[in-house]
Amino acid sequence: MADGRARTSGLYAIRLQRIVFGAAVLGGALSIGARMAFAQGITTAAIHGTVVSENGASMDGAGVRVTASATGFVANTLVRGGRFLVQGIEVGGPYVIEIRRIGFVPQRSGPVYLTLGEPLKVHFLMRALPVGLEAVVVAGSASDVSAAIAGGSTVIPEAMIKRLPTLNRNFYDFVALAPQVSTKVGSQRSGVSGAGANLRFNNFLINGADERNINGSVSAASNVGKSIPLDAVKEFQVLVAPYDVRYGDFAGALVNTVTQFGTNHLHGSAFGYWRNDGLARGGELASSLPYNRLQYGLSAGGPVVRDRAHFFIATEMQRLTSPAPGPYIGQSLTAVPPVPVRESDLDRMGMLLRGYGLAPGSSGAVENNTPLKNLFARVDLAIPRWNSRAMGFFRYGRLESDLFSRAARDTFYLSSYKYAAAGGGRLTSIQLHTDLPGTAGGHNELVASLAADRTHFVLDIAQPLVRVLAPGVSGGAVTIASGTPEVAQGGFSRARSFRIRDELSLPWGGTRMLLLGAQAEHFRVQRGGVRGGYGTWTFASLDDFAAGRAERFEIRKDRGSASAPLTGGQFALYAGNEWHPGDRISLTTGVRADVLHLDSRAPYNAVVDSIFARRTDEMPHPRAHISPRVGFTWDIFGDGRDKVRGGMGIFTGRPPLAWFVPALSSYGLGIETLRCGTSTTDAGPAPAFIPDYRAAPEQCASGSSKASRSGEVDLLDRNLRMAQSLRTSVTYERKLRGGLLATGEVLVSRGVSDFMFVNMNLRGPQAVDRYGRVLYGTIGANGIPDPALRAGRFSEVIDLRNTGRNYSRQFSARLERRFADGLGATLSYTHSRTRDVQSPSRVNIPGISIWADARATSGRHEDAARGISLNDLPHRATASLAYTAPWLHRSTTFAFYYVGESGSPFTYIATGVNRRGDLNADGSNANDPIYVPRDARDPAEILFVPFPVPVSGDAGAPATTVTVQQQAAALEQVIESTPCLRRQRGQILERNSCREPWSHTTIASVRHTIPVGIRAVEAQLEVFNVLNLLNNGWGRLRVAAPRILEHVGQTMGPAGTTQPIFRFDPTRSEWTTLQAESAFQFQLALRYRF
């Protein structure tokens, strides 16, 4: 059945490609005989001009000279057919255009400036040369009608980047201003979804070179990292539907950045930005530990050889210390949340750990450190003899971030759990832009780049993870954890990539502009170490821990293939054409062919083949992914005031290679897992506790050895396709008075090929429970599940496949005023709807964890039904404002930035200790939506068990009992006050049908500039979370606590007739407030410009 769906998805993809390809071919055929078109590069600009004479004489052969005033760079071309085209020049300016022809007055434009994605159009009228007449200055210019970027595009210009506040000094903060993207998606709420697509389908370019992480397909700026220093950014654009086929290798959003460059004048600045807990309101920043953040750096640019060679360099450092989030011993009695476990139990835990020779760590406040280093350097060289301009740049970044947190409600971590994720990346690129003489505007762009990145973990200690259950102060059980986290128990990732791209744009016969391009990439990704390699011990109580009686023990072992590298290549060919049937309409057509080829293969495992009919040595077959596109722009009245843009196209991108790497090591023999415990799928009882991870047990207490181990299997569908999205857009654009530009856009996206993870090891449905939940095994009276597996010798068998059922619809409206006369502003609103089969976003974790995290479900796992996507944020509103007061000798700039959006969707699920909470017995307790009782007080609807709660946190203190009636009444109140629960009474909660509160990001700044001769000093004050500054109850960022019911047992009876038994904490908070983002913060800055 699954193979049939895959074939149907593939046929659907082929039909869509044929439809769009037909439109592109038709457009290309119509271009024959059209007048000369123009285009511009991905990260460069273009000037298109017309030249006519007063007396009607031909201007063919007239010389055109474009000069960059700041750098002295010169580009020359000739007029043909009354037109000229200059490509491959840097964004910005000013530029001066000169036209010369014997017998005519030379003409020169005034200063003109160029922007990404907007070719400039100029018109010259040549006059016959009389005696004594001086050159005429042409002072007007206007954006041309180009269909290359006809939909889903937002440009963030240099003027706004320099003026808008950003407390993180990360220019990717401004990506949120693009109406077509949704922010705060993914497990860390730090991802960006373009047109509803997966956050790992985006691409990020710096000067045309791909800077995304090779393994995980995210930018270095994700989470708390940084791509390049903010001072190095000139401007960037966010694209989701560019119909120019040069924009490729993405199925989400493309962030296209161009950088600053040196000029003929030495210039630069040095700066420092600082904030601490004394400049913030309460919350997390009022911990007993200090919060301090200092960002400092410098930038400089200038000539190496005037008019020929220039340099630019920018560097930025960060020193950040902050208190780890969550409760700790020693906090105030009124602090929220309270410490969930008694201090006496924590003291005893520490004493027992020391007795075993293990470092217990602390239960007090913990400090996290996040140092960051960032460097960008660029050199430009003019080569007049070759009609060329060469450019090379180097980017380096390194981040080491402590990741300790006590935010989890059911676990208290001792400080020995602390670890840091360290990563670094380098990107080197060399580019050559060449004007082709005799082609009237032909241009070639050659780009080569080398990228490398590495991640690893830095540990405070190296010891096994110990988890001990203890009574919670509010009832139930709380886990006390100490030792090295599983994710950090060995492991690193190294990756490198070499890419080369060549593009030729060539006027052909004076009627068309032909675009041809090719690119190739070779990559290598290697992971080492094994997650969980030190072992994890679970104890049912502190007394059991003291006696060394483990309830459960798990460890993963490398059997020789954990470090197997993934090597391969990605290749693309593309051809396109932009033409103008008239002065009011432009049409872009083109087609891309992308191929992903994987060289590495896992060994063949005959056992897997015999059970699942799948070869472990089989990788996805290389295939050409055809991506045709057609776009148009129509200037309705020919005056540039009203325009309609639109088009249709397929966008193809590479999924994260991290989804492919596990197949090389997890083929049933490469990585084995030893699981010892009480489950029927375990190899036997847990062995006696051994504290030294280097002498960890090789077998369970039963004495079995090889039979104790189970292998992991991760498979890739041999017909797996790259990520592909079909997008159609229509945009209306109108210029208003006062320099305002109003835009309305409709964008529809359909996933031609997306991805889903399938658990092949489940036998299939075994029963259906009384609530309609499909069961994949049985659940014992103790609440521990026993999944029915096809092969118990394998701990997981996860298959990565395609799905073509995802879609997204967006409507956006935007009002913009480009910065001029001291004022720039934007205002936008977006309404969207996104549905998908799964929302996988995590990498570098076991496949079964990705599978469980991608979708909460109570039905059949093989049912590829659409549901609310984790990327679904129905409403977004953004605003930005920058105003520079026109003082006589000094200037003051006021700026404001706002992003408001719907809360992220989520599902209330059950939880439990020692694998309890797995309500459908599928082997995971992370994907089980709760049943919402019609009446929580009815035992036929939901069962509770009473539990004791200590009156105080002291050992031996009297306890009170939370009764069944109290739990039922409290849950009933929660259901009635929560809309998503109230409207789904009597049914299992629909996936992602609940939603967090609306979030607001508000930042304001004021900057005062004091001239000091030809230099200047700038003092700046920034305020993060202006709403919270105005009112302590405003601006708070609240996120969901989806684990609402604690599963503690199961009634007895035949499969399908039993009923889960729960605990519900009446004191449970509805939301978790992220204190660092909820409290206002001031930031002070000082900059010296020279």
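Quick note: the coordinates plus some simple rules give every number you see, no bench work behind them. The structure displayed is predicted, hence computed values, not measured ones. So basically every Cβ, Gly included, is an ideal-geometry build from the backbone, and we count neighbours across all protein chains shown.
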All alpha-carbon distances of segment 152-905, grouped into 10 Å bins from 0, give the whole-percent distribution 3, 12, 21, 25, 20, 12, 6, 2, 0
Using the alpha-carbon centroid of each, what span in Å lies between segment 988-1041 and segment 815-882? 20 Å
Quick check on the exposure proxy: order 828, 69 from fewest to most C-beta atoms within 10 angstrom. 69, 828
Of the options 963, 806, 939, report the single residue whose Cα projects farthest towards the positive end of the charge dipole of the chain (beta-carbon charges: Lys, Arg +1; Asp, Glu -1). 806
In terms of the charge dipole of segment 500-590, which places +1 on Lys and Arg and -1 on Asp and Glu at the beta carbon, the residue among 508, 553, 588 farthest towards the positive end is 553
Taking the convex hull of the alpha carbon atoms in segment 45-144, what volume per residue do you get, in Å³? 91 Å³
Would you mind calculating the relative contact order of segment 45-144 from Cα pairs under 8 angstrom and at least 6 residues apart, reporting the percent as a whole number? 32 percent
Heads up, segment 422-563 by the C-alpha gyration tensor (a ≥ b ≥ c square roots of eigenvalues; a/c under 1.5 rounded, else a/b over b/c prolate, else oblate) looks prolate
Using just the Cα positions, wrap segment 938-1034 in a convex hull and report its mean projected area in square nanometres, one decimal place. 13.6 nm²
How large, in Å, is segment 148-243 by the Kirkwood hydrodynamic radius built from its alpha-carbon pairs? 13.8 Å
Select from the chain the helices, each a whole stretch of DSSP H, whose alpha-carbon atoms run 30 Å or more along the helix axis and whose Kyte-Doolittle mean is at least -1.0; answer none if there are none. 2-30
Compare the Cα positions of 245, 279, 755 along the charge dipole of segment 152-905 (+1 at Cβ of Lys, Arg; -1 at Cβ of Asp, Glu; about the Cα centre) and return the one farthest towards the positive end. 245
Quote the charge dipole size of segment 906-1089 about the Cα centre in Debye, to the nearest 20; the model charges only the Cβ of Lys and Arg (+1) and of Asp and Glu (-1). 680 debye
Residue-averaged 222 nm ellipticity for the chain, from DSSP H runs of 4+ at -39500 (n - 2.57), nearest 500: -2500 deg cm²/dmol
Please state, to two decimals, what the Cα-based radius of gyration of segment 831-901 comes to when divided by 2.2 N^0.38 Å (N = residues). 1.99
Assign unit charges at the C-beta atoms only (+1 for Lys and Arg, -1 for Asp and Glu), then state the dipole size of the chain relative to its Cα centre in Debye, rounded to the nearest 20. 1780 debye
Just to be sure I understand: if I project the alpha-carbon convex hull of segment 906-1089 onto a plane and average over all orientations, what area do I get in nm²? 16.6 nm²
Using the crude model of +1 on Lys and Arg Cβ and -1 on Asp and Glu Cβ, and no other charge, please compute the dipole size for segment 268-340 relative to its Cα centre, in debye to 20. 180 debye
Hey, what did segment 156-248 get for relative contact order, percent, Cα under 8 Å, at least 6 apart? 28 percent
Using Cβ contacts closer than 10 Å as the measure, can you line up 289, 116, 129 from fewest to most? 129, 289, 116
Contour excess over end-to-end distance, with Cα ends at residue 351 and residue 546 and 0.36 nm allotted per residue: 69.2 nm
What FRET efficiency would be calculated for the residue pair residue 728, residue 641, taking the C-beta separation as r and a Förster radius of 22 Å, to the nearest 0.05? 0.30
Give me the count of lysine pairs in the chain whose alpha carbons sit under 18 angstrom apart, restricted to pairs 8 or more positions apart or on different chains. 9
Compute the whole-percent fraction of alpha carbon pairs in segment 669-774 spaced more than 21 Å apart. 69 percent
Enter the Cα centre distance for the pair segment 888-906 and segment 598-670, rounded to the nearest angstrom. 37 Å
Output needed for segment 453-518: three equivalent-ellipsoid semi-axes, defined as square roots of 5 times the C-alpha gyration tensor eigenvalues, in descending order, whole Å. 60, 19, 6
Multiply the residue gap between residue 381 and residue 818 by 0.36 nm, knock off their C-alpha separation, and tell me the result in nm, one decimal place. 154.2 nm
Tell me, what is the Rg over Rh of segment 787-941, with Rh the Kirkwood radius over Cα pairs? 1.19
With a ≥ b ≥ c from the Cα gyration tensor eigenvalues, square-rooted, and the rule rounded for a/c under 1.5, otherwise prolate when a/b > b/c and oblate otherwise, segment 855-960 is oblate
Dimensionless Rg over Rh [segment 502-593; C-alpha; Kirkwood]: 1.53
